[in-house]
Amino acid sequence: MIRLFSIFLVMGLALAACGSSGSFNDGSANIYRIGRSDTGKIQFRMLDAVNALRSASGQAPLELNPQLNAAAATHSRDMSIQNRPWHFGSDGSSPIDRAQRVGYQGTLVGENISETYESELETLAAWMEQPDTRRVVLSPDATQMGFAWFQETNGKIWWTMVTGSTGLSAGAGAV
């Protein structure tokens with residue numbers, strides 16, 4: 001029941017966000033375009049959606065963390081350069097390495113990534129359908145979130161969500 005509620009909640013948020021995004025129709029398909037001024041709106045829309053799902057699952061809300069946002073942005077751009085969605089950087093860095101490089105003092109809990117033309121809320125809905133990515137969103141260990149993306153000129157978006165905690169000992173719960 002909670003899973004069904006969560007899916008409908010995310011889909012409702014996605015539909016509500018359609019009018020406020022930079023989507024346009026080029027005659028062949030809808031392309032979700034992200035403008036420079038959309039960063040804060042998108043990050044907080046994603047945070048609100050994640051926290052609604054966490055609340056429905058009995059988990060505490062997350063807060064955005066600027067260092068985790070920076071780690072997510074770096075990895076999104078790097079995935080585009082590599083032209084593949086995976087958790088390792090072109091320099092061999094792991095999600096933990098990237099969080100440490102930007103000065104994150106907490107412990108990494110997990111990372112979700114995606115290569116898509118879909119919006120952030122559609123991406124979140126897809127993450128909620130898979131057990132491993134759903135665990136990152138709903139982890140009881142997580143207290144903070146970073147979320148960023150890189151959009152190519154053709155419209156493809158590389159999304160990265162990173163979760164962390166300031167209350168875990170080193171290495172506990174890291175993915």
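Observations on the structure shown:
- When region 123-175 is filtered for residues that are modelled with pLDDT of 95 or more and among the charged types (D, E, K, R), the ones remaining, listed by number, are GLU129, ASP132, ARG134, ARG135, ASP141.
- The residues of region 114-133 that are within 12 Å of the chain's Cα centre (by Cα), surrounded by fewer than 23 Cβ atoms within 10 Å (Cβ to Cβ) and either of a type in the set (Gly, Ala, Ser) or farther than 18 Å from ASP48 by Cβ (or both), listed by number, are SER114, GLU115, ALA125, ALA126, THR133.
- Cβ pairs under 9 Å, 6+ apart, first in region 63-81 and surrounded by fewer than 23 Cβ atoms within 10 Å (Cβ to Cβ), second of a type in the set (Phe, Trp, Tyr) and in a helix (DSSP H, G or I): LEU64/PHE44
- Among the residues of region 51-69, the ones that are under 15 Å from TYR104 (Cα atoms) and among the charged types (D, E, K, R) come to 1 in all.
- The listed residue being touching a residue at least 40 places away in the same chain (Cβ under 8 Å), in contact with an Asp or Glu (Cβ under 7 Å, 6 or more places away or on another chain) and crowded, with 20+ Cβ neighbours inside 10 Å, out of VAL137, VAL109: VAL109
The values are calculated or read from the model by the stated rules, or taken from the named source; none is laboratory data. Keep in mind that what you see is a predicted model, and the values were worked out from it rather than measured. All Cβ positions, glycine included, derive from the backbone under ideal geometry; neighbour counts span all protein chains shown.
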